[in-house]
Amino acid sequence: MRQNTLRRHLRALTATALAALCATATAQTERAPLAMPTANTDSVMKHIIELSSETYRGRMAGTEGYDAAADYVSRTLQRYGATVDLQRFQVESNEVENCKFVTYTPGTKERHTYILGDDYCCAGMTGRGYIDAQMVFVGYGIDNPEYDEYANVDVRGKIALVLTGLPEHPWLPAAATAHSMTLRDKARIAERHGAIGMLAINTSPSCLPTEPQGRAWCGELPHLATFPILQLTLECGRNLMQYERTTLDEALRDINTEHTPRSYTLSCRAEVDVNALYRGRAVTANVLGMLKGTDRRLNDEIIVVGASMDGVGMQGETCLFPGADINGSGVAAVLETARLLSLPQYRPRRSVLFVLFSGGEQQFLGSRIFLRNYPRLRKIEAFVNAQNIGCGDSIVVLGDNRYPSLYDIVRTRDREHFGLIVNSEDKTNPRGDARGFDQIGIPSVVLTTLNGMQHNRVTTDIWENIDRRILMATTQVMAETVRELADGIYQGRSIKSKTQKFIE
């Protein structure tokens, strides 16, 4: 009898001990993430200073400068313990080797030589060639029965002088402007009317009137191989037209108030000489770095952290677009997140994939290539994107409309340390590189800044203009968000979304 009683007590004690052990294991499995260490300012700035240096010549996709930047990023990720792979694909590439732009008045000795990188730059996909011809101002370059800026001028054998973008306010129907938006659209219209080249005056409010603004993407193919296209600063356009029949400011005012064309032939001529190496199928690559998770049950699931790495390049030897903020800052934040997660005590349970996309300046081509080809797409649970986080006065997180639970994680991380996230009544959706992820239901957020576009693809986007306070706050929020997603109990992706394929 006593032996039976003793056995029952032993079984009870064993069961209690096992329950305690299970409870301990469960508590360890669901433990709260350890507080992340502070992101290192010197480490982050080192990456930005490096990537924005002349060594990488503005990191245009499909060039040796971008390839060198990709190599730098690959070696950095490997140093942090990630397994690195390259996802190669083809892009348009156009390297402007040199350019000359002079205006003069026939019959006089007056000549004005403009400086590449100060007064103008070439359009990203300019054609090459030499031209010497009279200029004709044709407003926004619209050619439509409802509003035709070519109707009363002759541009045959001449250079079309146009305004970038479209008229202020949508007073023209969309059908009239649908094919006059991009520089290639405007160039095709000008060429169809007999023009042999085009000068575009930059009216964008996203840069100063004295700053040339670079763009890699100029519109859809085909490429106009022998049709030079220059983009002038607003101030350069004003100077060029100041002694003509109508000044630039007068023309802008009349077009946008009277809604009638103000096209006319200028008295001066322009001499343009562009030497550019165009490749329609240059090779570039996304850089992928995988940090494998430590939990055997969870490491098959993936959190993706990404940023666009390419820029708008360098033209000649005087016009460098460094890309410190756009988007060296985002790349640096991704690399710092990798460094923090590589520390032994902070290794994530889920796997984390760091992706530095190429082709961001070409309609975010790299992220679309990634989604089209990555074999483990169904395993991705979330995407966190950093874009232009080096300037501004507060943090903006895009994606709260689609993914409020993911947004709340980011907002909590910010509230604990900084309180810099702007809360707006207007809900937002992911954009840029994150748009494709959102399309197939992968929860996504984009970290960017408010009032931070003052160096938008211009030559003054240098590391000295980086606001370290906003940069480091956003980097810290990003790193802690990724850690929580990779180490916590977050389950944001629906079963249904995992059956979707990315289709453009």
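Can you tell me which of (1) assigned to a loop (DSSP other than H, G, I, E, B); (2) crowded, with 21+ Cβ neighbours inside 10 Å is the one Arg297 doesn't meet?
(2)
Of the residues His417, His455, only one is surrounded by fewer than 24 Cβ atoms within 10 Å (Cβ to Cβ) and farther than 30 Å from Asp300 by Cβ; which?
Of His417, His455, the one residue that is surrounded by fewer than 24 Cβ atoms within 10 Å (Cβ to Cβ) and farther than 30 Å from Asp300 by Cβ is His417.
Which residue out of Thr265, Thr226, Thr246, Thr203 is part of a loop (DSSP other than H, G, I, E, B), touching a residue at least 60 places away in the same chain (Cβ under 8 Å), polar (S, T, N, Q) and in contact with a strand residue (DSSP E or B) (Cβ under 6 Å, 6 or more places away or on another chain)?
It is Thr226.
Here is a yes/no grid of residues against (1) farther than 19 Å from Ala276 by Cβ; (2) surrounded by fewer than 16 Cβ atoms within 10 Å (Cβ to Cβ):
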position: Thr103; (1), (2): yes, no
position: Leu116; (1), (2): no, no
position: Ile131; (1), (2): no, no
position: Gly139; (1), (2): yes, no
position: Glu168; (1), (2): yes, yes
position: Ala178; (1), (2): yes, yes
position: Leu183; (1), (2): no, no
position: His193; (1), (2): yes, no
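How do the pairs read when you match residues in segment 403-415 that are touching a residue at least 60 places away in the same chain (Cβ under 8 Å) and in the same structural domain as Val304 (by TED's automatic domain parsing) with residues anywhere that are surrounded by 13 or more Cβ atoms within 10 Å (Cβ to Cβ) and among the charged types (D, E, K, R), using Cβ under 6 Å and keeping only pairs 6 or more apart or on different chains?
Ile409/Glu484; Arg413/Glu480
Among the residues of segment 248-279, what is the count of those that are surrounded by 15 or more Cβ atoms within 10 Å (Cβ to Cβ), of a type in the set (Val, Ile, Thr) and more than 19 Å from Glu191 (Cα to Cα)?
Looking only at that region, the number is 1.
Just give me the residues in segment 466-498 being crowded, with 19+ Cβ neighbours inside 10 Å, of a type in the set (Val, Ile, Thr) and either over 20 Å from Leu377 (Cα atoms) or modelled with pLDDT under 95 (or both), in sequence order.
If the condition is that a residue be crowded, with 19+ Cβ neighbours inside 10 Å, of a type in the set (Val, Ile, Thr) and either over 20 Å from Leu377 (Cα atoms) or modelled with pLDDT under 95 (or both), then Ile466, Ile470, Thr474, Thr475, Val477, Thr481 are the ones that fit.
Suppose we filter Glu92, Glu54, Glu64, Glu97 for residues that are buried (at least 18 other Cβ atoms within 10 Å of the Cβ), at pLDDT 95 or above and either among the basic types (Lys, Arg) or under 27 Å from Leu230 (Cβ atoms) (or both); which single one remains?
Only one candidate qualifies: Glu92.
Given Ser329, Ser263, which one is closer than 30 Å to Trp171 by Cβ and modelled with pLDDT of 95 or more?
Ser263
Of all residues in segment 293-324, how many are under 17 Å from the mean Cα position of the chain (by Cα) and acidic (Asp, Glu)?
So the answer is 1.
Can you tell me which residues in segment 425-469 are closer than 12 Å to Ile395 by Cβ and more than 14 Å from the chain's Cα centre (by Cα)?
Val445, Leu450, Asn451, Asp467, Arg469
The values are calculated or read from the model by the stated rules, or taken from the named source; none is laboratory data. Please read all numbers here as calculations on a predicted model, not as lab measurements. Using ideal geometry, Cβ is built from the backbone for each residue, glycine included, and neighbour counts are taken over all protein chains shown.
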